[in-house]
Amino acid sequence: MTKIEAHPLIEARGITRTLPGEIEAVLVHDIDLAIQPGEFVAITGPSGSGKSSLMYLLGLLDTPTRGDIVIDGHSTATLDEDRKAQLRLETLGFVFQFHFLLAEFSALDNVMLPMRALGKLSEEAMRARAMSLLTRLGLAEHSHKRPDQMSGGQRQRVAIARALANDPKVILADEPTGNLDTHSTEQVFDIIRELVGEGGRSVVIVTHDPNLARRASRRLHVVDGALAPVPDANS
Ligand SMILES: Nc1ncnc2c1ncn2[C@@H]1O[C@H](COP(=O)(O)OP(=O)(O)OP(=O)(O)O)[C@@H](O)[C@H]1O
Ligand SMILES: [Mg+2]
């Protein structure tokens with residue numbers, strides 16, 4: 001029997017992302033990091049420091065100019081877009097500051113979308129799974145509603161259910177509580193924290209709030225597109 005070594009779920013190897021222009025903009029500069037199974041990592045940093053840019057790269061929604069991103073042991077530097085999309089659908093779930101739910105779809109249909117894209121379950125099984133995710137998030141009674149018929153906190157919980165649709169190994173959440181009131185922030189943060197460790201799942205969360213960041217198991221700080229020492233408490 002071959003021993004299976006645990007490997008990081010996401011590994012960034014010297015990733016840099018520049019935008020061409022008269023003056024080349026450097027969004028992310030030479031970042032190395034590894035997200036291990038079961039980790040809860042908070043990313044902090046000033047506005048415009050490159051946190052979202054880094055999340056897009058880690059989530060294969062953007063491509064580094066230099067370096068490689070290894071997802072669950074798969075190097076992505078030479079993968080074509082179809083293979084990357086497949087890896088993304090199977091391995092990663094996203095929650096953004098703005099929910100990005102489809103306005104004309106019900107909560108249930110929104111949650112089923114990533115399952116449809118992956119195409120592994122029957123219609124019936126997709127529907128049942130979406131319903132059970134919405135139930136878990138306390139939204140069983142709202143499954144038929146469209147996003148504009150729900151509160152901000154409810155919409156963000158639908159977005160979390162959608163992120164969980166294909167049982168991802170990693171959830172990437174970019175300021176998921178950025179638009180919520182204090183009560184909904186606590187609720188959504190607690191839900192996200194509960195997802196950590198299920199089947200080895202990792203969560204990476206960008207937050208402006210040092211109080212939330214402190215509750216993660218590890219914190220990364222980004223300044224000017226690069227990793228920097230984490231500032232002292234309260235900053
Ligand atoms: N498509 C783009 N074209 C030009 N500049 C961009 C683009 N995307 C991001 N930037 C710039 O890159 C830098 C990093 O942006 P990014 O959105 O990653 O920061 P952030 O840390 O997520 O900020 P915030 O905390 O405000 O969300 C900023 O200076 C931004 O203006
Ligand atoms: Mg951002």
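Summary table below
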{"item": "Cα pair count fraction exceeding 24 Å, expressed as % - the stretch 1-125", "result": "40"}
{"item": "Tail fraction, Cα-Cα pairs, the chain, threshold 34 Å, whole percent", "result": "15"}
{"item": "Under 5 Å, built H, 5+ apart or other chain: amide partners of Ile10", "result": "Ile35, Asp72"}
{"item": "Phi-based couplings in Hz for the stretch 107-116 (Karplus 6.51, -1.76, 1.60; Gly and Pro marked x)", "result": "3, 4, 5, 4, 5, 6, 3, x, 5, 4"}
{"item": "In order through the stretch 212-223: 3J(HN,Hα) via Karplus (6.51 cos²θ - 1.76 cosθ + 1.60), integer Hz, x for Gly, Pro", "result": "6, 4, 5, 7, 7, 7, 8, 10, 10, 10, 10, 9"}
{"item": "Principal-axis tilt of helix 123-136 within the chain, Cα atoms, nearest 10 degrees", "result": "80"}
{"item": "Cα-based convex hull, the stretch 183-235, per residue volume (Å³, whole number)", "result": "91"}
{"item": "Antiparallel %, DSSP beta bridges [both residues in the chain], to 5", "result": "50"}
{"item": "For Val203, residues with placed amide H under 5 Å, excluding near neighbours", "result": "Glu39, Phe40, Val41, Ile171"}
{"item": "Cross-link pairs Lys120/Lys145; Lys51/Lys84; Lys120/Lys169 - those with Cα-Cα distance over 19 Å", "result": "Lys120/Lys145; Lys51/Lys84"}
{"item": "Cα shape, the stretch 90-222, gyration tensor, a/c 1.5 rule", "result": "oblate"}
{"item": "Crossing angle, helix 81-91 versus the chain [Cα axis fit, 0-90 degrees, rounded to tens]", "result": "60"}
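Rule-based calculations on the coordinates, nothing more; no lab input. All figures in this text were calculated on a predicted structure; none of them were measured in a lab.
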